[in-house]
Amino acid sequence: MSLVTWSILFLLVIAFAYYATRMAKYREEGNRHDAGLAIIEFGRAYPLEAIRSLHETVDGLAVFVRLHDNKAGIMRNRGNHYACHLIEPGRVRVDPLPNGRGLAIEFLDAPTQNGSFTFMTAAEAAEVSLWLLGNFMAPGSQALSGVDGFGDDLGPAKV
């Protein structure tokens with residue numbers, strides 16, 4: 001073969017290597033912060049749940065979701081898809097991280113979802129913790145007795 005043929009083959013191999021590395025980098029970074037893909041994946045996993053609000057972690061590997069009926073969920077980025085989990089009331093433990101912008105969360109029903117999650121701001125971390133706190137209570141325990149000033153057959157509440 002001639003030198004021209006070898007040169008063309010060499011350039012084709014270099015072009016293919018460049019293309020392959022760019023595509024690999026896109027797959028690693030491109031899907032990481034794609035909230036639209038996360039919403040679509042959550043809709044596939046839970047088609048009857050309507051998303052009210054969401055917050056993404058700094059690294060883009062998790063998205064927390066607040067649903068229409070004040071339930072909460074989490075979506076963890078697993079490469080080219082999201083693992084979605086609907087958080088059951090009373091089945092999660094939350095501790096703040098020392099930096100004030102994060103939460104250490106333990107999911108009692110799904111230990112593979114456990115982890116430390118850092119958000120862009122402390123306000124986002126606080127909002128997610130409030131979503132989870134609202135999810136701590138079972139639906140029947142959210143109605144407080146004595147809200148109108150009277151206890152449970154004990155007469156007027158004493159101040």
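Points to keep in mind about this one:
- Candidate set from the stretch 117-138 (those that are not aromatic (Phe, Trp, Tyr) and not in a helix (DSSP H, G or I)); member that is modelled with the lowest pLDDT: Ala138
- Looking only at residues in the stretch 101-131 that are exposed (fewer than 15 other Cβ atoms within 10 Å of the Cβ) and of a type in the set (D, E, K, R), the one that is nearest to Val63 (Cα to Cα) is Glu106.
- Checked against (1) within 18 Å of Leu133 (Cα to Cα); (2) of a type outside the set (Val, Ile, Thr); (3) at pLDDT below 90; (4) in contact with a Ser or Thr (Cβ under 9 Å, 6 or more places away or on another chain), Arg52 passes all but condition (4).
- Top-ranked residue in the stretch 80-116 [being part of a loop (DSSP other than H, G, I, E, B) and polar (S, T, N, Q); ranked as nearest to the chain's Cα centre (by Cα)]: Asn114
- So Asn70, is it among the polar types (S, T, N, Q) and loosely packed, with under 13 Cβ neighbours inside 10 Å: no
- Checked against (1) among the hydroxyl-bearing types (Ser, Thr, Tyr); (2) modelled with pLDDT of 85 or more; (3) out of contact with any Phe, Trp or Tyr (no Cβ under 7 Å at 6 or more places or on another chain), Tyr18 meets all criteria but (2).
The values are calculated or read from the model by the stated rules, or taken from the named source; none is laboratory data. The structure displayed is predicted, hence computed values, not measured ones. As a convention, Cβ positions derive from the backbone with ideal geometry for all residues, glycine included, and neighbour counts pool all protein chains shown.
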